[in-house]
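J.: Here you go, one structure.
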Amino acid sequence: MQVKLVPYNPEWPNQFQEIKAKLATAIGHLDPVIEHIGSTSVPDLMAKPTIDIQIGMPSEESLNALHTDMIENGFTRNSRWDSQLPFRRFFVLLEQRENGPQVPEELGPDFKGDVRSNFISVSNIHCVQLSHPWFDAHLLFRDYLRAHPDERDAYAELKQQLAQKEWGITADYAGAKTEWIEGAKKRAQIWRG
């Protein structure tokens, strides 16, 4: 499968705000910090039209308490990569395709294929403790790309090149960007000082 990238959509921040409101209703009592991350959070950067959200939780207890409230409010728990990222709780907001399968409450390690082949992917929601380095690293990467149009454009060029290739699942495409992203994160650390 090829990854579908689209030009920056100025509606993405509004879509984030709508999902953020839904999240606040579901888990606001747990004191989350909800941030827009990923390519849809960077003006003028092409992206997959899926809103990436990062939620920072004040404790491991509150992180573990997310599950029931998220499921009850229409989010799907995606535990496919829990063994690689045990500090993260990953949820997705999916919509049913016409004549497609029902949106499940959970996608486990036994789910094969790409989620986007079966469902409309509205949002990816990465939940970690506020104190985990993952939280700060994603915000710094976003802010660095927002502040450096040359880096944003270089990243867009890489994404375009990779989107032309065939991938087993979207996660393979994401993995192919890792080397460039890690280099940008180091430059962002220097920029922040």
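J.: When the label point is put 7 Å from the Cα of residue 106 along its Cα-to-beta-carbon vector, which residues of the range 80-100 have a backbone N closer than 17 Å?
T.: 80-93
J.: How much length is gained on full extension from residue 179 to residue 30, taking 0.36 nm per residue of separation minus their Cα-Cα distance?
T.: Full-extension gain reported as 50.2 nm.
J.: Moving on. Let me know the charge dipole size of the chain about its Cα centre in debye, to the nearest 20, where only the beta-carbon of Lys, Arg (+1) and Asp, Glu (-1) is charged.
T.: 380
J.: Let me ask you something else. Taking N as the number of residues in the range 12-192, what is its alpha-carbon radius of gyration divided by 2.2 N^0.38 Å?
T.: 1.02
J.: Next question, about the same structure. Tell me the net charge near residue 77. Cut-off is 9 Å between Cβ atoms, residue 77 excluded, with +1 for each Lys or Arg and -1 for each Asp or Glu.
T.: -1
J.: Assuming R0 = 30 Å, what is the FRET efficiency of residue 85 and residue 146, from their Cβ-Cβ distance, to the nearest 0.05?
T.: 0.75
J.: If I require 18 Å or longer along the helix axis, counting alpha carbons, and a Kyte-Doolittle average no lower than -0.5, what helices from the chain are left? Use full DSSP H segments.
T.: Flagged H segments are 12-27, 133-147.
J.: Still on this model: Using 7 Å Cα-to-Cβ label points, what is the residue 172/residue 1 separation (nm, one decimal)?
T.: 1.1
J.: Turning to a different aspect of this structure: Calculate, for residue 68 and residue 17, the FRET efficiency according to 1/(1 + (r/R0)^6) with r their C-beta to C-beta distance and R0 25 Å; round to the nearest 0.05.
T.: 0.55
Quick note: the coordinates plus some simple rules give every number you see, no bench work behind them. Keep in mind the model is a prediction, meaning the values are calculated, not measured. As a convention, Cβ positions derive from the backbone with ideal geometry for all residues, glycine included, and neighbour counts pool all protein chains shown.
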